[in-house]
Amino acid sequence: MSNDNKKQPIAGTDKENDDSTLNISVDTEKDDTDTDADASPSNTTINHEEYTQELIIELPDVGDDKASGKVIQWYKAEGDIVHPNDTICDIETDLFTFGMDVEDENEGIMKEILVQEGEGGHTPGTPICIIMHKPMD
């Protein structure tokens, strides 16, 4: 058995390995005290009757007259609360794929999904869902 007391270079650096220990801590346990109360509609009590104004969300125009698109994944379901700047779905066009964010100052409720995941060939301006909002005072 050979005695390897020589210091070896650390891969990718000019430093030598001096047999010191690098401690890395990874927390793999779920902390039950750190929950997102808004993650599930059942955790939040809202009065659906207050949400009377419809906001129709359309497939955005990505700047190419020939571009068509489809929703590849919904992150919100009918009845879910939609908070300002939430990503509600991923959209794929002929040019690229992106997350569709709701740029609004108020929360709403996903009333209806009009375009199902994977349905392709929709042109910009096609309504994809309806979100209900409280009327502005």
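List of remarks:
- Every residue from the stretch 69-97 that is surrounded by 15 or more Cβ atoms within 10 Å (Cβ to Cβ) and either touching a Ser or Thr at 6+ places or on another chain (Cβ under 6 Å) or assigned to a strand (DSSP E or B) (or both): G69, K70, V71, W74, I81, V82, I88, C89, D90, I91, E92, T93
- Within the stretch 98-137, being part of a strand (DSSP E or B) and over 26 Å from K66 (Cβ atoms) holds for G108, I109, M110, K111, E112, I130, I131, M132, H133.
- Verdict on E112 being surrounded by 12 or more Cβ atoms within 10 Å (Cβ to Cβ), at pLDDT 95 or above and closer than 18 Å to T52 by Cβ: yes
The values are calculated or read from the model by the stated rules, or taken from the named source; none is laboratory data. These figures come from a predicted structure and were not determined experimentally. Note that each Cβ is placed from the backbone with ideal geometry, even for glycine, and that neighbours are counted across all protein chains shown.
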